[in-house]
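Visitor: First the structure, then my questions, so here it is.
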Amino acid sequence: MADGATETEVELTDGFHLIIDALKLNGIENIYHVPGIPVTDLGRMMQAEGMRVVSFRHESNAGNAAAIAGYLTRKPGVCLTVSAPGFLNGLVSLSHATTNCWPMILISGSSEREIVDLQKGDYEEMDQLAIAKPLCKAAYRILHAEDIGIGIARAIRAAVSGRPGGVYLDVPASLLGQTIEAAKGAQSLIQVVDPAPAQFPSQAAIDRALDTLKGAKKPLIILGKGAAYAQCDDLVRQFVETSGAPYIAMSMAKGLLPDDHPQYAGAARSLVLKESDCVMLIGARLNWLLSHGQGRQWGEPHTKKFIHIDIDPKEMDSNQPIDAPLVGDIESCLTMMTASMDGWQKPDAEWTDAITTKTAINIERMSGKLMSNAVPMDYHGALGRLKKIFADHPDAILVNEGANTLDFARSIIDMSKPRKRLDVGTWGVMGVGMGTAIAAAVETDHPVVCIEGDSAFGFSGMEVETICRYNLPICVVIFNNSGIYRGTDTDPTGRDPAPTVFVRDAKYDMMMQAFGGEGVTARSPDDLERAVRDAIASRKPTLVNALIDPEAGTESGRIGNLNPQSVVKKK
Ligand code: ADP
Ligand code: TZD
Ligand code: MG
């Protein structure tokens, strides 16, 4: 205090403003939110301080938005919720972010510790910290205003360093109103230095990987969404091209190199998985999405060698013995690899020619189906048109969920730029659609086209109001086959609708109209193409209700094999 100043002249700050200042100091500007006690004013003040506060209709969707914002930006996406029920609603997406290795911070208001800990029955009483802990990478509670700087710094560092993931930050109501001297508060804030430090592998590990790759006759590279997250796109391309090896891309890694790249073996996936003798995984786990590296698909019994780049050492040998583990960040690993690849001998033409031939046959086989003009539409006829639209709009972001709708769209629609395909991730979560689309539009300002199963859409459909309210350039295309997988099941007893069917030919387009957006029904591929092209050109919130033949899909899309079988005959 300056000499002679009275007590009342000391400038004060409070918990609300320290949280805002700490987030802004660390470059966090967007907040995905649902208001209520005790964070209503926090949301308002964030907006008043220039942050972009996107207010949702349900915390799951706000959380899914934060999760994908983290994936797109490499900064933690922040979701702000109320206590107990709001917190629990946000928790699914926090686990989803952690499972997918995306940085996210769930900040939830909470009730007073003294009351919660003695279970005296507070408003929305719940021991949130204890519940969050097993479901995320780290969980912290801040009790004192002077600790806000440290609390936020720890949350940011935990979310983005090493293998990224979800972090829970518990903010009791009493913290927000706590006051301290403004100067002291400012001093307590931390700008996190080098939040995700580079992690270099040893030269010995690099040499081992290069020797293993050199020894391969039939190498294969698999790019995963970790490689897309790493945002070293030119380096990935340089490495793949120098190696000359064919590659496939996991769903969200599509477009990291353009899908029409001559080394892309996506259309010859079965052949390369089966026949390859050395597989290099770059930011992809050998989890269920890759059949754990075993089984018929992989040509088992096999003696394939594996090279694996991942930032998490525990990922090595999780399913298959890894001959050459490269523990480090992808940028550092590939920088070191490419530095030693001068004059690299490319794989034999016998291997790459076989793949090129197979690719051409499979693409040709598919192209006829994509020209289908059948009405009601089948998946191929509808997706054939959307494929052309994405080819014409390489910057448009594709959000995709559903079963058949997901599986067909993933293999049919080519991506030509990185991080343009956003989907259900490692768990295959239905309901990520609208939150993902909203964050994609907010973070990038590119047009977003969502290709949604009608069931998948239903999980987050109310957010069309949010899309209209913020006037976001999002076109939601619903593949309306009146059901989950198919719209044709019946109840054998004749009493109720079957569990997998919905109201036939529901008018989803009216939902968008209800909030002032464009709502269109598409019965034919021509209708569909016209409506989506108009939506991208106008950037107006649009919902296209694309009527798909209820008979066209198959059980669980491409993963029907995961359904357990009953020995009792069906009625
Ligand atoms: P996909 O589903 O596309 O196969 P996964 O989510 O299974 O991808 O795998 C992504 C992997 O990438 C995770 O194991 C994660 O630890 C890893 N990862 C994320 N970021 C990096 C990075 N910068 N460097 C190295 N590995 C990373
Ligand atoms: N709940 C959640 C959160 N995630 C899930 N994956 C499921 C339920 C189960 N599920 C799937 O795996 S796909 C799907 C559900 C309900 C919907 C498929 O129907 P759809 O797509 O209409 O979205 P298609 O085109 O009709 O196959
Ligand atoms: Mg459906």
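Visitor: Pick from Ala268, Ala198, Ala228, Ala249: which is outside the structural domain of Val160 (by TED's automatic domain parsing), away from ligand 1 (no atom under 16 Å from the Cβ) and aliphatic (A, V, I, L, M)?
Guide: Ala268
Visitor: For the range 246-274, how many residues meet the condition of being touching a Phe, Trp or Tyr at 6+ places or on another chain (Cβ under 9 Å), among the small types (Gly, Ala, Ser) and farther than 16 Å from Arg419 by Cα?
Guide: Number of matching residues: 2.
Visitor: Moving on. Of the residues in the range 286-334, how many are in a loop (DSSP other than H, G, I, E, B) and touching a His at 6+ places or on another chain (Cβ under 7 Å)? Before the answer, list the steps.
Guide: Filtering the range 286-334 for residues in a loop (DSSP other than H, G, I, E, B) gives 286-287, 294-295, 299-304, 311-312, 316-323, 328-329.
Pick out the ones that are also touching a His at 6+ places or on another chain (Cβ under 7 Å) and you get 286, 316, 319, 322.
Of the residues in that region, 4 qualify.
Visitor: Which residues, counting only those in the range 377-391, are more than 13 Å from ligand 2 (Cβ to nearest atom) and either assigned to a loop (DSSP other than H, G, I, E, B) or touching a residue at least 40 places away in the same chain (Cβ under 8 Å) (or both)?
Guide: Selection gives Gly381, Gly384, Arg385, Leu386, Lys388, Ile389, Phe390.
Visitor: Hey, another quick one. Quick one: count up the residues across the range 449-464 that are within 14 Å of ligand 3 (Cβ to nearest atom) and either part of a helix (DSSP H, G or I) or among the hydroxyl-bearing types (Ser, Thr, Tyr) (or both).
Guide: Matching residues across the range 449-464 total 7.
Visitor: Same structure, new question: Can you tell me which residue within the range 313-330, out of those that are aliphatic (A, V, I, L, M) and touching a residue at least 60 places away in the same chain (Cβ under 8 Å), is nearest to Cys278 (Cα to Cα)?
Guide: Looking at residues that are aliphatic (A, V, I, L, M) and touching a residue at least 60 places away in the same chain (Cβ under 8 Å), I get Ala324.
Visitor: Next question, about the same structure. Can you find even one residue in the range 415-428 that is away from ligand 1 (no atom under 15 Å from the Cβ), among the small types (Gly, Ala, Ser), farther than 24 Å from Ser95 by Cα and assigned by TED's automatic domain parsing to the domain that holds Gly517?
Guide: Looking through the range 415-428, at least one residue is away from ligand 1 (no atom under 15 Å from the Cβ), among the small types (Gly, Ala, Ser), farther than 24 Å from Ser95 by Cα and assigned by TED's automatic domain parsing to the domain that holds Gly517.
Visitor: State which residue is farthest from ligand 3 (Cβ to nearest atom) when the search covers only the range 405-418 and only residues that are part of a helix (DSSP H, G or I) and touching a strand residue (DSSP E or B) at 6+ places or on another chain (Cβ under 7 Å).
Guide: This residue is Arg410.
Visitor: What are the residues in the range 77-107 that are more than 12 Å from Asp170 (Cβ to Cβ) and not in a helix (DSSP H, G or I), if any?
Guide: Hits for the range 77-107 are Gly77, Val78, Cys79, Leu80, Val82, Cys101, Trp102, Pro103, Met104.
Visitor: Taking the stated definitions as given, is Gly77 at pLDDT 95 or above and surrounded by fewer than 17 Cβ atoms within 10 Å (Cβ to Cβ)?
Guide: no
Visitor: Does Asp489 fit the bill of being part of a loop (DSSP other than H, G, I, E, B) and surrounded by 15 or more Cβ atoms within 10 Å (Cβ to Cβ)? Steps first, please.
Guide: On the way: part of a loop (DSSP other than H, G, I, E, B): yes; surrounded by 15 or more Cβ atoms within 10 Å (Cβ to Cβ): yes.
Yes.
Visitor: With the requirement that a residue be under 18 Å from Trp102 (Cβ atoms), outside any helix (DSSP H, G or I) and of a type outside the set (Ser, Thr, Tyr), what does the range 126-161 give you?
Guide: Passing the criteria: Cys136, Lys137, Ala138, Ala139.
Visitor: Continuing with this model, one more query. Among the residues of the range 162-174, is any touching a Gly at 6+ places or on another chain (Cβ under 9 Å), closer than 22 Å to His308 by Cβ and assigned to a helix (DSSP H, G or I)?
Guide: no
Visitor: Are any residues in the range 174-208 under 18 Å from Ile150 (Cα atoms) and among the β-branched types (Val, Ile, Thr), and if so, which ones?
Guide: The answer is Thr179, Ile180, Ile190, Val192, Val193.
Visitor: Pick out the one residue from His261, His302, His308 that is modelled with pLDDT under 95 and surrounded by 15 or more Cβ atoms within 10 Å (Cβ to Cβ).
Guide: None of the others qualify; the one that does is His302.
Visitor: Hey, among the residues in the range 456-480 that are within 13 Å of ligand 2 (Cβ to nearest atom) and surrounded by fewer than 24 Cβ atoms within 10 Å (Cβ to Cβ), which one's farthest from Asp509 (Cα to Cα)?
Guide: Per the criteria, the residue is Phe459.
Visitor: Next question. Would you confirm whether any residue within the range 174-184 is charged (D, E, K, R), assigned by TED's automatic domain parsing to the domain that holds Gly77, modelled with pLDDT of 95 or more and touching a strand residue (DSSP E or B) at 6+ places or on another chain (Cβ under 6 Å)?
Guide: The answer is no, given that none of the residues of the range 174-184 is charged (D, E, K, R), assigned by TED's automatic domain parsing to the domain that holds Gly77, modelled with pLDDT of 95 or more and touching a strand residue (DSSP E or B) at 6+ places or on another chain (Cβ under 6 Å).
Visitor: Return the residues of the range 499-551 that are in contact with an Asp or Glu (Cβ under 7 Å, 6 or more places away or on another chain) and surrounded by fewer than 15 Cβ atoms within 10 Å (Cβ to Cβ); say none if nothing qualifies.
Guide: Listed by number, the list is empty, since nothing qualifies.
Visitor: Could you say which residue among Gly516, Gly553 is touching a residue at least 24 places away in the same chain (Cβ under 8 Å) and within 16 Å of ligand 3 (Cβ to nearest atom)?
Guide: Answer to the selection: Gly553.
The values are calculated or read from the model by the stated rules, or taken from the named source; none is laboratory data. Model, not experiment: these values are computed from the prediction. All Cβ positions, even for glycine, are placed from backbone atoms using ideal geometry, and neighbour counts span all protein chains on display.
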